[in-house]
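Accompanying notes for the structure given below.
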Amino acid sequence: MARITCAALTKSYGAVLAVDALELSIGHGEFMVLLGPSGCGKTTTLNMIAGLEEISAGRLLFDETEVTWTPPHKREVAMVFQSYALYPNKTVRENIAFPLRLRGQSASEIERAVGAAAEQLEITHLLGRRPNELSGGQRQRVALGRAIVRKPSVFLMDEPLSNLDATLRLSMRGLIKRLHQELKATFVYVTHDQAEAMTLADRIAVMKGGLIQQLDTPEGIYERPANIFVAGFLGSPPINLVEGVIAGGAFTRGDFRLALTNPPQEGRAVVLGLRPEDVSAGGDVTARVELVSPLGSETHLDVLAEGGVALTLRVPKEWRAAPGDRLSFGIDPARLHIFDKASETRL
């Protein structure tokens, strides 16, 4: 295991600042997810930790040892890529064994390590095949096996599941989570997929524009988003965001009004955030149903409330509604998120 410290870690490409004085401490054995849209700096951060990108400014430490200028092969990290990066002319056995052969380990040691990793990943029956004979999920298991046999202190994963279909992504998420529990190593995982982040992470660093917008547990980020960007990035369907003002201790927009438990000062321009699932049957909010999207286990409703406020609701499948119906529902004031309109930060 290793503790990773990014101290004012910076990467610039000429005038373009990709990562801006990033401060991040990753604990021993922690599963840290870097989450954000394309171009936010998450992969650049991962590559600096790996040693694949030269650091423009700042310091990088593993435990108490500075590795800012340490070459990649001396950092005791293993990286798993989106593209698998397997040798097409080598068998699965040879691909997994490759880093151990570079170390000069004996044939018997290599055979034991490859066999153990293959068994752990349930790919023993594939050891004689080549990559072009494997499915995407099988190739990713081979890439994981090649990383595991090195017994690194840090696993770095760059969107490893993005090339897989939805069913495979689900099973591979479970496998990666189990591996983390078994290996007890430090994992740093890059993704733009919120479901992966919420499922896998001990903590999530949500990034935008080379900066960390919020660093917290999955629950903390979902329940208490620091700003509008974070609130809108996590959640499916996305959080409802409605602009309005504070009047009479309530959020108001035209005829749409919601009482607040701790309202900001009167007249303040705000943005209200309402998670689609945070509604209950019956209540004093009425709306017209515009669209019904049944998903089997639940239903999504697009509705138009008073004041022309459009909302998406995620409700139990037992709710029966059709376009044009009038619907009444309740909203718990304690579940509302209020953001300042100008700064977009949480109030």
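The values are calculated or read from the model by the stated rules, or taken from the named source; none is laboratory data. This structure is a prediction, so every number in the text was calculated from the model and none was measured. When we count neighbours, we look across all protein chains shown, and the Cβ atoms used for this are built from the backbone with ideal geometry, even at glycine.
Search segment 243-270 for residues being touching a Lys or Arg at 6+ places or on another chain (Cβ under 8 Å) and either aromatic (Phe, Trp, Tyr) or surrounded by 19 or more Cβ atoms within 10 Å (Cβ to Cβ) (or both), and hand back the single one that is farthest from Gln194 (Cα to Cα). For segment 243-270, the residue satisfying everything is Ile246. Does segment 179-191 contain at least one residue that is in the same structural domain as Gly145 (by TED's automatic domain parsing), free of Cβ contacts under 8 Å to residues at least 40 places away in the same chain and within 28 Å of Ala2 (Cβ to Cβ)? So far as segment 179-191 goes, yes, one or more of its residues are in the same structural domain as Gly145 (by TED's automatic domain parsing), free of Cβ contacts under 8 Å to residues at least 40 places away in the same chain and within 28 Å of Ala2 (Cβ to Cβ).
Go through segment 250-347 and tell me which strands (runs of 3 or more DSSP E), entirely inside it, have 2 or more residues that are out of contact with any Gly (no Cβ under 7 Å at 6 or more places or on another chain) and among the hydroxyl-bearing types (Ser, Thr, Tyr). Spell out how you get there, then give the answer.
Values: elements: 250-253, 256-259, 269-274, 280-294, 298-305, 309-316, 326-330, 337-340.
It comes to 280-294.
For segment 55-65, does any single residue satisfy the condition of being at pLDDT below 95 and farther than 20 Å from Lys151 by Cβ? Yes - at least one qualifying residue is present in segment 55-65.
Could you check how many residues of segment 4-25 are on the phi > 0 side of the Ramachandran plot and either in a strand (DSSP E or B) or not assigned by TED's automatic domain parsing to the domain that holds Gly41 (or both)?
Step one: filter segment 4-25 for residues on the phi > 0 side of the Ramachandran plot, giving 8, 14, 21.
In the following step, the residues that additionally are either in a strand (DSSP E or B) or not assigned by TED's automatic domain parsing to the domain that holds Gly41 (or both) were identified as 8, 21.
Residues that pass the stated criteria total 2.
Mind listing just one residue for me: the one in segment 75-103 that is at negative phi and of a type in the set (Gly, Ala, Ser) and, of those, farthest from the chain's Cα centre (by Cα)? Among residues in segment 75-103 that are at negative phi and of a type in the set (Gly, Ala, Ser), the one farthest from the chain's Cα centre (by Cα) is Ala97.
What's the total number of residues in segment 14-54 that are modelled with pLDDT under 95 and of a type in the set (Ser, Thr, Tyr)? Of the residues in that region, 1 qualify. In segment 106-119, the condition of being assigned to a loop (DSSP other than H, G, I, E, B), surrounded by fewer than 18 Cβ atoms within 10 Å (Cβ to Cβ), out of contact with any helix residue (DSSP H, G or I) (no Cβ under 6 Å at 6 or more places or on another chain) and modelled with pLDDT under 95 is met by at least one residue.
If I filter segment 321-329 for residues that are surrounded by 15 or more Cβ atoms within 10 Å (Cβ to Cβ), closer than 28 Å to Gln214 by Cα and touching a strand residue (DSSP E or B) at 6+ places or on another chain (Cβ under 6 Å), do I get at least one hit? If you could, list the steps in order and put the result at the bottom.
If we filter segment 321-329 for residues that are surrounded by 15 or more Cβ atoms within 10 Å (Cβ to Cβ), which is where we start, we get 321, 327, 329.
After this cut, where a residue has to be closer than 28 Å to Gln214 by Cα as well, the list is none.
For segment 321-329, residues surrounded by 15 or more Cβ atoms within 10 Å (Cβ to Cβ), closer than 28 Å to Gln214 by Cα and touching a strand residue (DSSP E or B) at 6+ places or on another chain (Cβ under 6 Å): absent.
Filter segment 125-144 for residues that are over 11 Å from Tyr84 (Cα atoms) and surrounded by 14 or more Cβ atoms within 10 Å (Cβ to Cβ) and give the result.
Scanning segment 125-144 gives Leu126, Leu127, Arg129, Arg130, Leu134.
Scanning segment 201-246 for residues that are assigned to a strand (DSSP E or B) and within 28 Å of Arg178 (Cα to Cα) gives Arg203, Ile204, Ala205, Val206, Met207, Ile212, Gln214, Leu215, Asp216. Selection of segment 176-200 for residues being assigned to a helix (DSSP H, G or I), of a type in the set (S, T, N, Q) and surrounded by 17 or more Cβ atoms within 10 Å (Cβ to Cβ) yields only Gln194.
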